[in-house]
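Peer 1: To start, I am sharing the structure in question, which I have written as structure tokens.
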Amino acid sequence: MGQLTLRSIAFSELLGRDLGWTLDKLTLNHINLLVGKNATGKSRVLNVIGNLARQLLQGELRTMNFDWDVVFEEQEVSGAIKTVRCELRAVDGKMEYERVSIDGVVQLERSKAGILKIKAVQLNQEISYRPSSSEVATVSRRDELQYPFLNPIHEWATAVRSYHFGSQLGKDNFGIGVQKTSSIVQIPEVDDSNEDQVVPIFDRGRKQFENTFVQAIIADMGSLGYRLSSIDISEPSNLIIKAPVPLPGKLGAIGVQEEGIQGTYHQNSMSQGMFRALSILVQVNYSQMANRANCILIDDIGEGLDFERSSKLIDVLREKSRNSRFQLIMSTNDQFVMNHVPLEEWSVLHRNGSHVSVFNKDNAAARFEEFKFIGMSNFTFFETDFANSAVMQECETVTNE
């Protein structure tokens, strides 16, 4: 079995109800930028992908109502590519429909009657079950021998990483060192999928990859214009911690030494923009080196950074994605970010009430290509609603014919 790459996703929840919401089919490539006006649904789309991953890690329902239709590509060691489609529907807290197919051949299917049929490889036959209505069989029926086709779906879900660039990204989270060897504070292991746990993630990275990891972060920060000579974990300076009980060890924070500045300053003293960039680079470098991510989601990329540094950060992330196994999906409504990312990597979101439609080079290729010859900035493509108006005009023409 090979690695899965997310190629398209359609989603709806609470259909026909007051809070219903629908996302049309969103096609994805290796590098993607979701653009749209405020409240269009960019963050929500990224959350949908993140929630899908979390549901595929749990054998029981996480939410009451949803309908996912997801297509992956699976590249095997031989180089062959398969299409894996996963459909999941829950209504009022009960699984109503479920199907997994490979190249159009159904491997697992649950009917509305509640009967699950699944192909057992070793037994070379189809087996029928009546699982619990709250059981997600795509997760719970994983088996290396009988149902190996389910494992890549689970592996994809374990390797999705989600970051909210407009948030703290762990700036106000420190580590507690329970031991001390030489001058290094040892931080206990944590879940590296938690975007707030950047201190323990940095600690894990330097232990596993030593100076290679640290120098990669220093080099990436240098690309953004932050000239650092060192990065380490130590007790934060000029910070008073009041705790109801004594701490079990020393407080550990990420500290940097910057060229031309004496001494070390820690994360609590960094600007929010600088720390967000540092946190993202720590976590992405770790995921890349440890082979822990195949799909990285970044909401509001570049938020809080000036144009030059925002652009350079995007360049670094896009280059890492091109040279690595991870798919990159970012979102923005920032003019400078839009102008820096090629149009062919865009997906433009439009919301009409509770319905979100998508325009990109897959469903509006001619219009995207046409805009290149106009000679205007990418932001103009967004600002003038070029994709939507052009596609709608095309649809009307076809209808009239």
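Rule-based calculations on the coordinates, nothing more; no lab input. Remember, it's a predicted structure, so these values are computed and weren't measured experimentally. As a convention, Cβ positions derive from the backbone with ideal geometry for all residues, glycine included, and neighbour counts pool all protein chains shown.
Peer 1: Given labels modelled 7 Å from the Cα in the Cβ direction, how far is it in nm from residue 69 to residue 289?
Peer 2: With each label placed 7 Å out from Cα toward Cβ, I get 4.3 nm.
Peer 1: Another question about this same structure. Pairs of Cα atoms under 8 Å, at least six residues apart: use those to get the relative contact order of segment 1-96, whole percent.
Peer 2: Relative contact order here is 33 percent.
Peer 1: For segment 293-307, in order, what is each residue's ³J(HN,Hα) by Karplus, 6.51 cos²θ - 1.76 cosθ + 1.60 with θ = phi - 60°, in whole Hz (x at glycine and Pro)?
Peer 2: Whole-Hz 3J(HN,Hα) from phi for segment 293-307: 9, 10, 8, 10, 10, 10, 8, 6, 4, x, 4, x, 9, 5, 4.
Peer 1: From the cross-link list 171/361; 25/207; 42/94; 37/112; 94/171; 320/372, which pairs have alpha carbons spaced over 32 Å apart?
Peer 2: 171/361; 25/207; 37/112; 94/171
Peer 1: Considering amide H positions built from the backbone, and no H for Pro or chain starts, which residues 5 or more places from residue 250, or on another chain, come under 5 Å of its amide H?
Peer 2: Excluding prolines and chain starts, which carry no amide H, the hits are 177.
Peer 1: Next up: Mind checking the full-extension length gain between residue 339 and residue 158? Use 0.36 nm per residue of separation minus the Cα-Cα distance, one decimal, nm.
Peer 2: Working it through step by step, the gained length comes to 61.9 nm.
Peer 1: Under the rule of at least 5 residues apart or a separate chain, name every residue whose amide H is placed under 5 Å from the amide H of residue 164.
Peer 2: Answer set, sorted by chain and number: 299.
Peer 1: Next question. Can you work out D for segment 59-202 in µm² s⁻¹ from Stokes-Einstein, where Rh is the Kirkwood radius over C-alpha pairs, the temperature is 37 °C and the viscosity is 0.692 mPa s?
Peer 2: The calculation lands on 181 µm²/s.
Peer 1: With +1 on each Lys and Arg Cβ and -1 on each Asp and Glu Cβ, how big is the dipole of the chain about its Cα centre, in debye rounded to the nearest 20?
Peer 2: 820
Peer 1: Further question on the same structure: Write down the Å³ per residue value for the convex hull defined by the alpha carbon atoms of segment 10-93.
Peer 2: Output value, Cα hull per residue: 114 Å³.
Peer 1: In terms of Cα to Cα distance under 17 Å, which aspartates and glutamates are near enough to residue 119, apart from those fewer than 8 places away along the same chain?
Peer 2: Counting by Cα, and skipping residues close in sequence, residue 119 has these aspartates and glutamates nearby: 87, 98, 103, 109, 143, 144.
Peer 1: Could you derive backbone 3J(HN,Hα) for segment 166-175 from the dihedral phi with the Karplus parameters 6.51, -1.76 and 1.60 (θ = phi - 60°), listing whole Hz in sequence and x where the residue is Gly or Pro?
Peer 2: x, 9, 5, 6, x, 4, 9, 10, 10, x
Peer 1: Please work out which option in (1) 1.09; (2) 1.05; (3) 1.17 gives Cα Rg over 2.2 N^0.38 Å calculated from these coordinates, and answer with its label.
Peer 2: (1)
Peer 1: For residue 28, which sequence-distant residues (separation of 5 or more, or a different chain) have an amide H within less than 5 Å of its own amide H, given hydrogens modelled in the peptide plane?
Peer 2: 8
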